[in-house]
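Here the structure comes first, spelled out in C-alpha coordinates, and everything after it is commentary.
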Amino acid sequence: MDDIKNKVIEILADVTSTDEETVRSWDGQDLFQNGFLDSMGTVELLVQIQDELDINVPVSEFDRSQWNTLDKICDQIRKL
Amino acid sequence: MIDIVNSLPNLKAYGTPIYFIYLLLAITPLVISLYFGKRLVKYEVLVNIVFIYLMFDARNWPQLIALIAFLAWQTILVLIYFKYRQRANSSQIFYLWTFLLLLPIIIVKVTPAVSGQNSIIGFLGVSYLTFRAVGTLIEIRDGAIHEFNTGHFIRFMAFMPAITSGPIDRFRRFEKDYQKVPDRQEYLGMVAKAINYLFLGFLYKFVFSYFLGSRLLPQLEAKAMFYSPHFTWYLVGVMYVYGLYLFFDFAGYSLFAVAISYLMGVKTPMNFNKPFISKNIKEFWNRWHMTLSFWFRDYIFMRFVFTATRHKWIKNRNTLSSLAYLLNMFVMGCWHGLTWYYILYGLMHGLGLIINDWWLRLKKKHLKWLPHNKFTEFIAIVITFNFVMLSFLLFSGFLNRFWFGGKF
(Lines give C-alpha, C1' and ligand atoms only; values in the text may rest on other atoms or scores of the structure.)
Protein backbone atom coordinates (compact mmCIF):
# COMPACT_ATOMS: atom_id res chain seq x y z
CA MET A 1 0.00 0.00 0.00
CA ASP A 2 1.30 3.42 -0.92
CA ASP A 3 2.03 6.44 1.22
CA ILE A 4 -0.93 8.54 0.18
CA LYS A 5 -3.39 5.78 0.97
CA ASN A 6 -1.83 5.23 4.39
CA LYS A 7 -2.00 8.93 5.06
CA VAL A 8 -5.65 9.11 3.95
CA ILE A 9 -6.50 6.16 6.20
CA GLU A 10 -4.77 7.89 9.11
CA ILE A 11 -6.69 11.13 8.49
CA LEU A 12 -10.02 9.35 8.03
CA ALA A 13 -9.53 7.43 11.28
CA ASP A 14 -8.96 10.74 13.01
CA VAL A 15 -11.89 12.66 11.52
CA THR A 16 -14.37 9.83 12.03
CA SER A 17 -13.09 9.04 15.57
CA THR A 18 -12.36 5.39 14.81
CA ASP A 19 -9.14 3.45 14.30
CA GLU A 20 -7.15 2.71 11.17
CA GLU A 21 -8.20 -0.92 11.15
CA THR A 22 -11.87 0.08 10.90
CA VAL A 23 -11.10 2.52 8.10
CA ARG A 24 -9.23 -0.21 6.20
CA SER A 25 -12.36 -2.37 6.41
CA TRP A 26 -14.25 0.34 4.49
CA ASP A 27 -12.03 -0.14 1.43
CA GLY A 28 -14.17 -0.26 -1.71
CA GLN A 29 -17.35 0.83 0.06
CA ASP A 30 -19.22 4.09 -0.41
CA LEU A 31 -18.20 6.27 2.52
CA PHE A 32 -21.23 8.57 2.30
CA GLN A 33 -23.97 6.06 1.58
CA ASN A 34 -22.83 3.89 4.45
CA GLY A 35 -22.78 6.87 6.77
CA PHE A 36 -19.05 6.58 7.58
CA LEU A 37 -18.39 10.14 6.49
CA ASP A 38 -20.68 13.19 6.72
CA SER A 39 -20.29 16.86 5.71
CA MET A 40 -18.55 17.65 8.98
CA GLY A 41 -16.06 14.82 8.49
CA THR A 42 -15.59 15.87 4.88
CA VAL A 43 -14.52 19.38 5.80
CA GLU A 44 -12.11 18.02 8.41
CA LEU A 45 -10.73 15.67 5.78
CA LEU A 46 -10.12 18.58 3.38
CA VAL A 47 -8.52 20.71 6.11
CA GLN A 48 -6.19 17.88 7.12
CA ILE A 49 -5.24 17.09 3.53
CA GLN A 50 -4.27 20.73 3.27
CA ASP A 51 -2.31 20.73 6.53
CA GLU A 52 -0.58 17.38 6.30
CA LEU A 53 -0.08 16.86 2.59
CA ASP A 54 0.12 20.55 1.73
CA ILE A 55 -2.45 20.10 -1.03
CA ASN A 56 -5.13 22.74 -1.38
CA VAL A 57 -8.59 21.34 -2.16
CA PRO A 58 -11.16 24.08 -2.84
CA VAL A 59 -14.58 23.09 -1.52
CA SER A 60 -15.92 23.63 -5.07
CA GLU A 61 -13.71 20.83 -6.33
CA PHE A 62 -15.23 18.48 -3.84
CA ASP A 63 -17.84 16.44 -5.68
CA ARG A 64 -19.23 13.64 -3.50
CA SER A 65 -19.48 11.21 -6.38
CA GLN A 66 -15.73 11.62 -7.02
CA TRP A 67 -14.66 11.33 -3.38
CA ASN A 68 -16.83 8.52 -2.07
CA THR A 69 -14.34 5.65 -1.65
CA LEU A 70 -10.83 5.34 -0.22
CA ASP A 71 -9.28 4.79 -3.63
CA LYS A 72 -11.18 7.65 -5.25
CA ILE A 73 -10.00 10.03 -2.52
CA CYS A 74 -6.41 8.97 -3.21
CA ASP A 75 -6.91 9.44 -6.96
CA GLN A 76 -8.30 12.93 -6.44
CA ILE A 77 -5.37 13.88 -4.21
CA ARG A 78 -2.87 12.64 -6.79
CA LYS A 79 -4.61 14.74 -9.44
CA LEU A 80 -4.34 17.99 -7.48
CA MET B 1 -52.32 46.27 -28.60
CA ILE B 2 -53.55 45.79 -25.04
CA ASP B 3 -56.30 43.53 -26.40
CA ILE B 4 -53.77 41.27 -28.04
CA VAL B 5 -51.78 41.10 -24.83
CA ASN B 6 -54.93 40.36 -22.86
CA SER B 7 -56.02 37.63 -25.20
CA LEU B 8 -52.78 35.71 -24.75
CA PRO B 9 -53.22 32.74 -22.44
CA ASN B 10 -51.66 33.09 -19.01
CA LEU B 11 -49.68 29.90 -18.61
CA LYS B 12 -48.62 29.30 -15.06
CA ALA B 13 -45.81 26.78 -15.20
CA TYR B 14 -47.20 23.23 -15.15
CA GLY B 15 -50.49 24.56 -13.79
CA THR B 16 -53.01 23.00 -16.12
CA PRO B 17 -53.13 20.09 -18.58
CA ILE B 18 -53.38 22.56 -21.48
CA TYR B 19 -49.98 23.97 -20.47
CA PHE B 20 -48.43 20.57 -21.11
CA ILE B 21 -49.99 20.36 -24.55
CA TYR B 22 -48.57 23.77 -25.55
CA LEU B 23 -45.21 23.01 -23.98
CA LEU B 24 -44.81 19.57 -25.49
CA LEU B 25 -45.82 20.89 -28.91
CA ALA B 26 -43.30 23.71 -28.60
CA ILE B 27 -40.42 21.43 -27.67
CA THR B 28 -41.19 18.73 -30.25
CA PRO B 29 -38.69 20.21 -32.77
CA LEU B 30 -36.04 20.14 -30.04
CA VAL B 31 -36.78 16.49 -29.30
CA ILE B 32 -36.60 15.52 -32.96
CA SER B 33 -33.32 17.34 -33.50
CA LEU B 34 -31.79 15.87 -30.34
CA TYR B 35 -32.77 12.44 -31.63
CA PHE B 36 -30.67 13.24 -34.69
CA GLY B 37 -27.81 14.43 -32.50
CA LYS B 38 -28.22 18.20 -32.82
CA ARG B 39 -29.24 21.04 -30.53
CA LEU B 40 -31.46 23.74 -32.01
CA VAL B 41 -29.90 26.47 -29.89
CA LYS B 42 -31.71 29.47 -31.41
CA TYR B 43 -35.11 27.81 -31.46
CA GLU B 44 -34.60 26.82 -27.83
CA VAL B 45 -33.92 30.44 -26.88
CA LEU B 46 -37.19 31.39 -28.59
CA VAL B 47 -39.17 28.70 -26.72
CA ASN B 48 -37.62 29.84 -23.45
CA ILE B 49 -38.56 33.46 -24.05
CA VAL B 50 -42.12 32.72 -25.18
CA PHE B 51 -42.90 30.45 -22.23
CA ILE B 52 -41.32 32.74 -19.67
CA TYR B 53 -43.34 35.59 -21.19
CA LEU B 54 -46.56 33.58 -20.94
CA MET B 55 -45.98 32.92 -17.24
CA PHE B 56 -46.88 36.54 -16.62
CA ASP B 57 -50.24 37.83 -17.73
CA ALA B 58 -50.95 41.39 -18.87
CA ARG B 59 -51.63 42.67 -15.36
CA ASN B 60 -48.32 41.26 -14.19
CA TRP B 61 -46.08 43.04 -16.65
CA PRO B 62 -44.16 44.86 -13.85
CA GLN B 63 -43.11 41.40 -12.71
CA LEU B 64 -41.79 40.59 -16.14
CA ILE B 65 -39.77 43.81 -16.13
CA ALA B 66 -38.56 42.98 -12.63
CA LEU B 67 -37.40 39.58 -13.87
CA ILE B 68 -35.49 41.09 -16.79
CA ALA B 69 -33.88 43.79 -14.62
CA PHE B 70 -32.99 41.20 -12.01
CA LEU B 71 -31.40 38.88 -14.58
CA ALA B 72 -29.39 41.77 -15.97
CA TRP B 73 -28.24 42.80 -12.48
CA GLN B 74 -27.12 39.28 -11.55
CA THR B 75 -25.43 38.63 -14.89
CA ILE B 76 -23.48 41.90 -14.94
CA LEU B 77 -22.34 41.39 -11.34
CA VAL B 78 -21.14 37.85 -11.96
CA LEU B 79 -19.42 38.90 -15.20
CA ILE B 80 -17.56 41.78 -13.51
CA TYR B 81 -16.52 39.48 -10.67
CA PHE B 82 -15.23 36.89 -13.11
CA LYS B 83 -13.08 39.53 -14.83
CA TYR B 84 -11.88 40.80 -11.47
CA ARG B 85 -11.06 37.32 -10.16
CA GLN B 86 -8.68 36.71 -13.08
CA ARG B 87 -6.24 39.19 -11.54
CA ALA B 88 -7.08 39.49 -7.84
CA ASN B 89 -8.88 37.75 -5.00
CA SER B 90 -9.82 39.95 -2.09
CA SER B 91 -12.23 38.69 0.54
CA GLN B 92 -13.87 42.08 0.95
CA ILE B 93 -14.75 42.29 -2.74
CA PHE B 94 -16.12 38.77 -2.62
CA TYR B 95 -18.35 39.53 0.38
CA LEU B 96 -19.47 42.83 -1.15
CA TRP B 97 -20.38 41.03 -4.38
CA THR B 98 -22.26 38.32 -2.50
CA PHE B 99 -24.20 41.05 -0.72
CA LEU B 100 -25.01 42.80 -4.01
CA LEU B 101 -26.27 39.54 -5.49
CA LEU B 102 -28.39 38.97 -2.39
CA LEU B 103 -29.70 42.54 -2.29
CA PRO B 104 -32.82 41.94 -4.45
CA ILE B 105 -33.89 38.92 -2.42
CA ILE B 106 -33.21 40.73 0.85
CA ILE B 107 -35.52 43.53 -0.31
CA VAL B 108 -38.14 40.98 -1.39
CA LYS B 109 -38.00 39.18 1.97
CA VAL B 110 -37.74 42.20 4.24
CA THR B 111 -40.43 44.38 2.60
CA PRO B 112 -43.44 42.25 3.66
CA ALA B 113 -42.03 41.84 7.16
CA VAL B 114 -41.68 45.61 7.57
CA SER B 115 -44.56 47.11 5.59
CA GLY B 116 -46.94 44.17 5.38
CA GLN B 117 -47.00 44.49 1.59
CA ASN B 118 -45.21 42.53 -1.04
CA SER B 119 -42.22 44.19 -2.63
CA ILE B 120 -42.66 45.55 -6.13
CA ILE B 121 -39.55 43.76 -7.35
CA GLY B 122 -40.80 40.36 -6.21
CA PHE B 123 -41.54 37.79 -8.86
CA LEU B 124 -41.87 34.08 -9.09
CA GLY B 125 -38.49 32.38 -8.99
CA VAL B 126 -36.40 35.24 -7.61
CA SER B 127 -34.93 33.11 -4.84
CA TYR B 128 -34.10 30.19 -7.10
CA LEU B 129 -32.28 32.48 -9.50
CA THR B 130 -30.38 34.00 -6.58
CA PHE B 131 -29.18 30.54 -5.51
CA ARG B 132 -27.85 29.86 -8.99
CA ALA B 133 -26.04 33.20 -9.21
CA VAL B 134 -24.50 33.03 -5.72
CA GLY B 135 -23.40 29.42 -6.25
CA THR B 136 -21.66 30.46 -9.47
CA LEU B 137 -19.99 33.42 -7.74
CA ILE B 138 -18.60 31.16 -5.00
CA GLU B 139 -17.23 28.69 -7.54
CA ILE B 140 -15.60 31.53 -9.48
CA ARG B 141 -13.93 32.62 -6.26
CA ASP B 142 -12.68 29.07 -5.67
CA GLY B 143 -11.12 29.19 -9.11
CA ALA B 144 -13.28 26.28 -10.24
CA ILE B 145 -14.81 28.16 -13.18
CA HIS B 146 -12.24 28.94 -15.84
CA GLU B 147 -14.49 30.14 -18.63
CA PHE B 148 -17.39 32.50 -18.46
CA ASN B 149 -19.68 33.08 -21.39
CA THR B 150 -22.39 35.66 -20.66
CA GLY B 151 -24.91 34.10 -23.03
CA HIS B 152 -24.36 30.66 -21.53
CA PHE B 153 -24.80 32.06 -18.05
CA ILE B 154 -28.15 33.66 -18.93
CA ARG B 155 -29.22 30.40 -20.54
CA PHE B 156 -28.36 28.59 -17.31
CA MET B 157 -30.13 31.14 -15.12
CA ALA B 158 -33.27 31.40 -17.22
CA PHE B 159 -33.57 27.73 -18.20
CA MET B 160 -37.34 27.67 -18.61
CA PRO B 161 -38.29 24.23 -17.20
CA ALA B 162 -36.79 25.10 -13.81
CA ILE B 163 -36.99 28.90 -13.69
CA THR B 164 -39.86 29.35 -11.22
CA SER B 165 -39.14 26.81 -8.48
CA GLY B 166 -36.01 24.83 -9.27
CA PRO B 167 -34.50 22.27 -9.06
CA ILE B 168 -31.43 24.40 -8.39
CA ASP B 169 -28.79 23.31 -10.87
CA ARG B 170 -25.10 24.34 -10.87
CA PHE B 171 -23.48 26.31 -13.67
CA ARG B 172 -20.59 23.91 -14.26
CA ARG B 173 -22.85 20.86 -14.28
CA PHE B 174 -25.38 22.53 -16.58
CA GLU B 175 -22.67 23.68 -18.99
CA LYS B 176 -21.10 20.23 -19.13
CA ASP B 177 -24.48 18.78 -20.11
CA TYR B 178 -25.07 21.48 -22.64
CA GLN B 179 -21.69 21.26 -24.32
CA LYS B 180 -22.35 17.73 -25.49
CA VAL B 181 -25.37 16.26 -27.17
CA PRO B 182 -26.34 12.89 -25.68
CA ASP B 183 -25.91 10.03 -28.15
CA ARG B 184 -29.06 8.39 -29.44
CA GLN B 185 -29.03 5.48 -27.00
CA GLU B 186 -28.58 7.81 -24.05
CA TYR B 187 -31.16 10.29 -25.29
CA LEU B 188 -33.78 7.57 -25.77
CA GLY B 189 -33.12 6.52 -22.19
CA MET B 190 -33.68 10.12 -21.10
CA VAL B 191 -36.94 10.33 -23.08
CA ALA B 192 -38.18 7.11 -21.48
CA LYS B 193 -37.39 8.52 -18.04
CA ALA B 194 -39.05 11.83 -18.92
CA ILE B 195 -42.29 10.08 -19.88
CA ASN B 196 -42.18 8.10 -16.66
CA TYR B 197 -41.60 11.27 -14.61
CA LEU B 198 -44.36 13.13 -16.43
CA PHE B 199 -46.96 10.50 -15.62
CA LEU B 200 -45.75 10.15 -12.04
CA GLY B 201 -45.93 13.95 -11.83
CA PHE B 202 -49.53 13.94 -13.10
CA LEU B 203 -50.44 11.40 -10.45
CA TYR B 204 -48.71 13.40 -7.69
CA LYS B 205 -49.86 16.84 -8.70
CA PHE B 206 -53.26 16.46 -10.32
CA VAL B 207 -54.51 13.51 -8.26
CA PHE B 208 -52.87 13.27 -4.82
CA SER B 209 -51.94 16.93 -4.34
CA TYR B 210 -55.31 18.09 -5.68
CA PHE B 211 -57.29 15.72 -3.48
CA LEU B 212 -55.25 16.43 -0.34
CA GLY B 213 -54.74 20.16 -0.82
CA SER B 214 -57.97 21.30 -2.49
CA ARG B 215 -60.50 18.82 -1.11
CA LEU B 216 -59.41 17.40 2.23
CA LEU B 217 -57.27 20.18 3.69
CA PRO B 218 -59.82 23.07 3.56
CA GLN B 219 -62.41 20.92 5.35
CA LEU B 220 -60.01 19.86 8.08
CA GLU B 221 -58.71 23.40 8.50
CA ALA B 222 -62.24 24.75 8.88
CA LYS B 223 -63.05 22.16 11.52
CA ALA B 224 -59.82 22.79 13.42
CA MET B 225 -60.41 26.56 13.26
CA PHE B 226 -63.90 26.14 14.66
CA TYR B 227 -62.34 25.11 17.99
CA SER B 228 -59.33 27.42 17.74
CA PRO B 229 -57.21 28.05 19.76
CA HIS B 230 -58.10 24.80 21.50
CA PHE B 231 -56.52 21.56 20.44
CA THR B 232 -58.68 19.02 18.65
CA TRP B 233 -57.72 15.95 16.65
CA TYR B 234 -58.63 17.93 13.54
CA LEU B 235 -55.38 19.82 14.05
CA VAL B 236 -53.49 16.52 13.88
CA GLY B 237 -55.39 15.80 10.67
CA VAL B 238 -54.35 19.19 9.25
CA MET B 239 -50.75 18.34 10.12
CA TYR B 240 -50.61 15.04 8.24
CA VAL B 241 -52.73 16.15 5.30
CA TYR B 242 -50.76 19.37 4.81
CA GLY B 243 -47.42 17.53 5.09
CA LEU B 244 -48.40 14.94 2.50
CA TYR B 245 -49.93 17.61 0.26
CA LEU B 246 -46.69 19.61 0.42
CA PHE B 247 -44.70 16.58 -0.66
CA PHE B 248 -46.96 15.55 -3.55
CA ASP B 249 -47.35 19.11 -4.78
CA PHE B 250 -43.66 19.98 -4.79
CA ALA B 251 -42.40 16.55 -5.82
CA GLY B 252 -44.95 16.56 -8.65
CA TYR B 253 -43.81 19.97 -9.84
CA SER B 254 -40.15 18.90 -9.60
CA LEU B 255 -40.84 15.76 -11.64
CA PHE B 256 -42.32 17.96 -14.40
CA ALA B 257 -39.30 20.26 -14.36
CA VAL B 258 -36.87 17.33 -14.54
CA ALA B 259 -38.91 15.58 -17.26
CA ILE B 260 -39.02 18.66 -19.52
CA SER B 261 -35.29 19.23 -18.94
CA TYR B 262 -34.55 15.63 -19.97
CA LEU B 263 -36.58 16.07 -23.14
CA MET B 264 -34.46 19.16 -23.82
CA GLY B 265 -31.32 17.09 -23.34
CA VAL B 266 -30.32 18.47 -19.94
CA LYS B 267 -30.06 16.22 -16.89
CA THR B 268 -31.44 18.60 -14.27
CA PRO B 269 -30.85 16.94 -10.86
CA MET B 270 -33.73 15.30 -8.99
CA ASN B 271 -35.27 17.05 -5.99
CA PHE B 272 -36.85 14.20 -4.03
CA ASN B 273 -35.84 10.64 -3.27
CA LYS B 274 -38.49 8.93 -1.13
CA PRO B 275 -38.06 11.33 1.83
CA PHE B 276 -40.51 9.56 4.10
CA ILE B 277 -38.45 6.38 4.40
CA SER B 278 -35.64 8.34 6.12
CA LYS B 279 -34.39 6.76 9.33
CA ASN B 280 -33.15 10.03 10.76
CA ILE B 281 -33.36 13.74 10.10
CA LYS B 282 -29.95 13.90 8.44
CA GLU B 283 -31.01 11.25 5.96
CA PHE B 284 -34.24 13.19 5.47
CA TRP B 285 -32.31 16.23 4.22
CA ASN B 286 -30.47 13.98 1.81
CA ARG B 287 -33.84 12.99 0.34
CA TRP B 288 -36.07 16.09 0.67
CA HIS B 289 -35.73 19.11 -1.65
CA MET B 290 -32.26 17.82 -2.36
CA THR B 291 -30.99 20.57 -4.66
CA LEU B 292 -31.82 23.16 -1.99
CA SER B 293 -30.41 21.22 0.94
CA PHE B 294 -27.24 20.33 -1.01
CA TRP B 295 -26.87 23.99 -1.92
CA PHE B 296 -27.02 24.92 1.75
CA ARG B 297 -24.71 22.02 2.65
CA ASP B 298 -22.06 22.92 0.08
CA TYR B 299 -22.19 26.70 0.16
CA ILE B 300 -23.10 27.48 3.78
CA PHE B 301 -22.52 24.54 6.10
CA MET B 302 -19.26 23.26 4.64
CA ARG B 303 -17.80 26.70 4.02
CA PHE B 304 -18.68 27.91 7.48
CA VAL B 305 -17.12 24.83 9.07
CA PHE B 306 -14.09 25.14 6.78
CA THR B 307 -13.49 28.78 7.66
CA ALA B 308 -14.13 28.20 11.38
CA THR B 309 -11.68 25.28 11.42
CA ARG B 310 -9.05 27.24 9.49
CA HIS B 311 -9.20 30.19 11.85
CA LYS B 312 -9.59 27.92 14.87
CA TRP B 313 -12.66 29.82 16.06
CA ILE B 314 -14.11 26.80 17.82
CA LYS B 315 -11.98 23.90 18.94
CA ASN B 316 -14.60 21.32 19.82
CA ARG B 317 -15.92 19.62 16.68
CA ASN B 318 -19.31 18.81 18.21
CA THR B 319 -19.86 22.41 19.26
CA LEU B 320 -18.80 23.57 15.83
CA SER B 321 -21.08 21.18 13.95
CA SER B 322 -24.02 22.08 16.20
CA LEU B 323 -23.47 25.76 15.57
CA ALA B 324 -23.14 25.13 11.84
CA TYR B 325 -26.41 23.15 11.78
CA LEU B 326 -28.24 25.95 13.57
CA LEU B 327 -26.80 28.62 11.29
CA ASN B 328 -27.52 26.57 8.18
CA MET B 329 -31.14 25.88 9.09
CA PHE B 330 -31.74 29.36 10.47
CA VAL B 331 -30.68 30.89 7.13
CA MET B 332 -32.87 28.38 5.32
CA GLY B 333 -35.81 29.39 7.54
CA CYS B 334 -35.21 33.09 6.84
CA TRP B 335 -34.99 32.37 3.14
CA HIS B 336 -38.52 30.93 3.20
CA GLY B 337 -39.72 34.24 4.63
CA LEU B 338 -39.19 36.45 7.66
CA THR B 339 -42.10 35.16 9.73
CA TRP B 340 -41.94 33.53 13.14
CA TYR B 341 -43.11 30.17 11.80
CA TYR B 342 -40.54 29.87 8.99
CA ILE B 343 -37.70 30.85 11.29
CA LEU B 344 -38.89 28.47 14.00
CA TYR B 345 -39.21 25.77 11.34
CA GLY B 346 -35.55 26.30 10.45
CA LEU B 347 -34.39 26.29 14.05
CA MET B 348 -36.46 23.17 14.76
CA HIS B 349 -34.61 21.32 12.00
CA GLY B 350 -31.28 22.69 13.20
CA LEU B 351 -32.05 21.36 16.67
CA GLY B 352 -33.22 18.07 15.17
CA LEU B 353 -29.87 17.64 13.41
CA ILE B 354 -27.98 18.40 16.63
CA ILE B 355 -30.00 15.88 18.64
CA ASN B 356 -29.57 13.36 15.84
CA ASP B 357 -25.78 13.66 15.93
CA TRP B 358 -25.75 13.52 19.70
CA TRP B 359 -27.83 10.32 19.64
CA LEU B 360 -25.58 8.71 17.03
CA ARG B 361 -22.51 9.47 19.18
CA LEU B 362 -24.20 8.16 22.32
CA LYS B 363 -25.18 4.96 20.53
CA LYS B 364 -21.68 4.40 19.20
CA LYS B 365 -20.05 4.94 22.59
CA HIS B 366 -22.38 3.69 25.28
CA LEU B 367 -25.28 1.86 23.71
CA LYS B 368 -23.49 -0.83 21.72
CA TRP B 369 -25.88 -3.40 23.21
CA LEU B 370 -28.83 -1.73 21.48
CA PRO B 371 -30.13 -4.07 18.77
CA HIS B 372 -30.28 -2.98 15.15
CA ASN B 373 -32.94 -4.73 13.10
CA LYS B 374 -35.96 -4.16 10.86
CA PHE B 375 -38.08 -3.31 13.88
CA THR B 376 -35.77 -0.61 15.25
CA GLU B 377 -35.42 0.81 11.73
CA PHE B 378 -39.20 0.99 11.51
CA ILE B 379 -39.36 2.85 14.85
CA ALA B 380 -36.72 5.28 13.56
CA ILE B 381 -38.71 5.92 10.37
CA VAL B 382 -41.91 6.56 12.36
CA ILE B 383 -40.16 9.02 14.70
CA THR B 384 -38.50 10.87 11.81
CA PHE B 385 -41.76 11.03 9.83
CA ASN B 386 -43.68 12.51 12.75
CA PHE B 387 -40.97 15.03 13.54
CA VAL B 388 -41.00 16.15 9.92
CA MET B 389 -44.81 16.36 9.82
CA LEU B 390 -44.83 18.49 12.96
CA SER B 391 -42.25 20.80 11.39
CA PHE B 392 -44.41 21.09 8.25
CA LEU B 393 -47.42 22.09 10.34
CA LEU B 394 -45.27 24.94 11.62
CA PHE B 395 -44.09 25.66 8.07
CA SER B 396 -47.67 25.83 6.75
CA GLY B 397 -48.39 28.98 8.76
CA PHE B 398 -51.68 27.43 9.86
CA LEU B 399 -50.70 27.81 13.51
CA ASN B 400 -50.44 31.56 12.95
CA ARG B 401 -54.15 31.63 12.11
CA PHE B 402 -55.00 28.95 14.66
CA TRP B 403 -53.40 30.68 17.64
CA PHE B 404 -53.17 34.34 16.71
CA GLY B 405 -55.87 34.84 14.08
CA GLY B 406 -53.14 35.47 11.51
CA LYS B 407 -51.97 38.63 13.24
CA PHE B 408 -48.25 37.97 12.92
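Scanning segment B:100-131 for residues that are outside any helix (DSSP H, G or I) and either loosely packed, with under 15 Cβ neighbours inside 10 Å or on the phi > 0 side of the Ramachandran plot (or both), which turns out modelled with the lowest pLDDT?
As a first pass, look at segment B:100-131 and keep what is outside any helix (DSSP H, G or I): B:116-125.
Add one more test, that the residue is either loosely packed, with under 15 Cβ neighbours inside 10 Å or on the phi > 0 side of the Ramachandran plot (or both), and what stays is B:116-118, B:120, B:125.
Values: B:Gly116: 71, B:Gln117: 70, B:Asn118: 68, B:Ile120: 60, B:Gly125: 80.
It comes out as B:Ile120.
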Subset of segment B:217-239 [crowded, with 18+ Cβ neighbours inside 10 Å and within 29 Å of the chain's Cα centre (by Cα)]: B:Leu217, B:Leu220, B:Glu221, B:Leu235, B:Val238, B:Met239
Please go through segment A:38-69 and give me each residue that is in a helix (DSSP H, G or I), of a type outside the set (Gly, Ala, Ser) and surrounded by fewer than 20 Cβ atoms within 10 Å (Cβ to Cβ), ordered by number. A:Val47, A:Gln48, A:Gln50, A:Asp51, A:Glu52, A:Leu53, A:Val59, A:Glu61, A:Arg64, A:Gln66
By residue number, the members of segment B:301-353 that are out of contact with any Phe, Trp or Tyr (no Cβ under 9 Å at 6 or more places or on another chain), in a helix (DSSP H, G or I), over 12 Å from A:Met40 (Cα atoms) and within 11 Å of another protein chain (Cβ to nearest Cβ) are B:Arg310
Which one of these does A:Asn6 not meet: (1) in a helix (DSSP H, G or I); (2) open to solvent by less than 50 Å² (accessible area, probe 1.4 Å)? (2)
Considering each residue of segment A:27-80, count those that are within 11 Å of chain B (Cβ to nearest Cβ) and either of a type in the set (Phe, Trp, Tyr) or farther than 25 Å from B:Asn328 by Cα (or both), and give that number. 3
I'm trying to understand the selection: among the residues of segment B:228-271, which are outside any helix (DSSP H, G or I) and without any contact (Cβ under 8 Å) to a residue 12 or more places away in the chain? B:His230, B:Phe231, B:Thr232
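Out of all the residues in segment B:282-291, is one or more under 30 Å from B:Leu34 (Cα atoms) and surrounded by fewer than 19 Cβ atoms within 10 Å (Cβ to Cβ)? First the steps, then the outcome.
Filtering segment B:282-291 down to residues under 30 Å from B:Leu34 (Cα atoms) leaves B:289-291.
Going one step further and asking which of them are surrounded by fewer than 19 Cβ atoms within 10 Å (Cβ to Cβ), we end up with none.
The answer is no; no qualifying residue exists.
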Report, by residue number, each residue of segment B:149-164 that is part of a loop (DSSP other than H, G, I, E, B), open to solvent by less than 30 Å² (accessible area, probe 1.4 Å) and farther than 21 Å from B:Ser33 by Cα. B:Ala158, B:Ile163, B:Thr164
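Let's see how each residue does on (1) open to solvent by 70 Å² or more (accessible area, probe 1.4 Å); (2) more than 30 Å from B:Gly213 (Cβ to Cβ); (3) at pLDDT 95 or above:
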{"position": "B:Lys365", "(1), (2), (3)": "yes, yes, no"}
{"position": "B:Lys374", "(1), (2), (3)": "yes, yes, no"}
{"position": "B:Ile383", "(1), (2), (3)": "yes, no, yes"}
{"position": "B:Asn386", "(1), (2), (3)": "no, no, yes"}
{"position": "B:Phe392", "(1), (2), (3)": "no, no, yes"}
{"position": "B:Trp403", "(1), (2), (3)": "yes, no, no"}
{"position": "B:Phe408", "(1), (2), (3)": "yes, no, no"}
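Can we say A:Ile77 is assigned to a loop (DSSP other than H, G, I, E, B) and within 25 Å of B:Ile140 (Cβ to Cβ)?
Working: assigned to a loop (DSSP other than H, G, I, E, B): no; within 25 Å of B:Ile140 (Cβ to Cβ): yes.
Judged against the criteria, A:Ile77 is not a match.
So, restricting to helices (runs of 4 or more DSSP H) that lie completely within segment B:17-87, which ones have at least 2 residues that are basic (Lys, Arg)?
Values: elements: B:17-35, B:41-54, B:61-85.
Because the criterion is at least 2 residues that are basic (Lys, Arg), the helices (runs of 4 or more DSSP H) in segment B:17-87 that meet it are B:61-85.
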When you scan segment B:165-197, how many residues do you find that are in a loop (DSSP other than H, G, I, E, B) and without any contact (Cβ under 8 Å) to a residue 24 or more places away in the chain? 1
Condition test on B:Val134, is it in contact (Cβ under 8 Å) with a residue 40 or more places away in the chain and either more than 22 Å from B:Glu44 (Cα to Cα) or hydrophobic (A, V, I, L, M, F, W, C) (or both)? yes
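The values are calculated or read from the model by the stated rules, or taken from the named source; none is laboratory data. Remember, it's a predicted structure, so these values are computed and weren't measured experimentally. Glycine gets a Cβ as well: all are built from the backbone with ideal geometry, and neighbour counts include every protein chain shown. Only protein heavy atoms, including side chains, enter the accessible area calculation; ligands, DNA and RNA are left aside. Shrake-Rupley method; radii C 1.70, N 1.55, O 1.52, S 1.80 Å.
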